[in-house]
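Please read the structure below before turning to the comments.
The values are calculated or read from the model by the stated rules, or taken from the named source; none is laboratory data. Please read these numbers as outputs of a predicted model, since none were measured by experiment. Cβ placement follows ideal geometry from the backbone for every residue including glycine, while neighbour counts extend to all protein chains displayed. Heavy atoms of the whole protein, side chains included, go into the accessibility calculation; ligands, DNA and RNA do not. Shrake-Rupley method; radii C 1.70, N 1.55, O 1.52, S 1.80 Å.
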Amino acid sequence: MSSVPTYVPGHGLLRGKSVLITAAAGAGIGFSAALRAAEEGCRALMISDIHEGRLQEAAQKIREATGLERVHTCVCNVTSEDQVQALVAAAERDLGGVDVLINNAGLGGSRLLVEMSDEEWNRVLDVTLTGTMRMTRAMLPKMIARQTGVIVNNASVLGWRAQKEQSHYAAAKAGVMALTRCAAVEAAEHGIRINAVSPSIALHDFLKKSAPKELLDQLASREAFGRAAEVWEVANVMMFLASDYSSYMTGEVLSVSSQRA
């Protein structure tokens, strides 16, 4: 197993940009992306989540760690069209227009297909796939009016890989990949880029609580480096896709893994 690399300092990749990120409270990829966006010099940031308390804690951590004062918050459940519209309106107002949207909200779980209820299936797809669609649909008219903007979606290697007890999550993430490609073609004529990252396994507190340690260790051991990704390693790729360094990329899904089954 390779050692975890040294944390990469910011390089000003998002200097002058405004950024909106969903599901950014807690300790997962969303929070890491928000912290990285501030470290990369964004001028203003809005983070969203369904947990008000954790959301405020996350915002304060980012302010203290980076010195960025313009860290705004807005509670939003992406399964609610009204809340999605309210979030986009608040971000447009408070950030002076959204340059970058990172769709991070997703919901997983483990269940054999023969034991899966319609409610379990629908809940995972509603948050993970339809929630990403709702946010993209609400944000695109704003970006189209400005003829510029970037959207980064969070997919998963399970959109490609087969894994037991993951039919709902894998289907949702494969849908995010397809949504990314199709929406990107529609948005390209307006100067808007839409791409996605596809993480394999990135360890954080929520994942540790939702899956057995033995399973997580087994999955991590299959990766090329013999370890799970750090959440900031996934966030780094999001920052690249959000930045002008990826100006000729759209409709792409970048794997943050070795893709080994």
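Annotations for the structure displayed:
- Where N is the number of residues in the stretch 118-178, Cα Rg divided by 2.2 N^0.38 Å: 1.30
- Of interest is the spacing of the C-alpha centroids, which for the stretch 208-256 and the stretch 68-144 amounts to 20 Å.
- Contact order for the stretch 132-228, expressed relative to its length and based on alpha carbon pairs under 8 Å spaced 6+ residues apart, stands at 29 percent.
- Computed over Cα pairs, the Kirkwood radius of the stretch 1-108 leads via Stokes-Einstein (1.306 mPa s, 10 °C) to a diffusion coefficient of 114 µm² per second.
- C-alpha long axis of helix 167-188 to longest principal axis of the chain, angle in °: 30 degrees
- Interchain or long-range residues, amide H under 5 Å from Gly149's placed H: Arg193
- Probe 1.4 Å - accessible area at Arg193, Å² to nearest ten: 30 Å²
- With every protein chain in place, the stretch 86-188: carbon and sulfur % of accessible area (1.4 Å): 54 percent
- Surface accessible to a 1.4 Å probe, Cys42 within the full protein complex, Å²: 10 Å²
- Convex hull volume per residue for the stretch 117-229, taking Cα atoms only, in Å³: 121 Å³
- Taking max minus min of the alpha-carbon positions on each principal axis, the chain gives extents of 46, 41, 38 Å, largest first.
- Of all DSSP beta bridges in the chain, antiparallel share, percent nearest 5: 0 percent
- Mean separation of Cα contacts under 8 Å, 6 or more apart, over the residue count of the stretch 75-191: relative contact order %: 31 percent
- The long axis of helix 231-242 is offset from the longest Cα principal axis of the chain by roughly 40 degrees.
- Carbon and sulfur %, accessible surface of the stretch 211-261 computed with the full protein complex present, 1.4 Å: 55 percent
- Rounded accessible area per residue of the chain, 1.4 Å, Å²: 46 Å²
- Annotated for the chain: lysine pairs at least 8 residues apart or interchain, Cα distance under 30 Å, count 16.
- Cβ-Cβ FRET estimate between Ala162 and His51, R0 fixed at 35 Å, reported to 0.05: 0.60
- Peptide packing for 171-180, 117-126, 13-22 was compared via the average number of neighbouring C-beta atoms within 10 Å per residue; ordered from the highest value, the list is 13-22, 171-180, 117-126.
- Contact order normalised by residue count of the chain, Cα under 8 Å, 6+ apart, percent: 20 percent
- Annotation for the stretch 1-97: GluC sites (Glu not before Pro) lying in DSSP loop with at most 11 further Cβ atoms inside 10 Å of their Cβ are Glu69.
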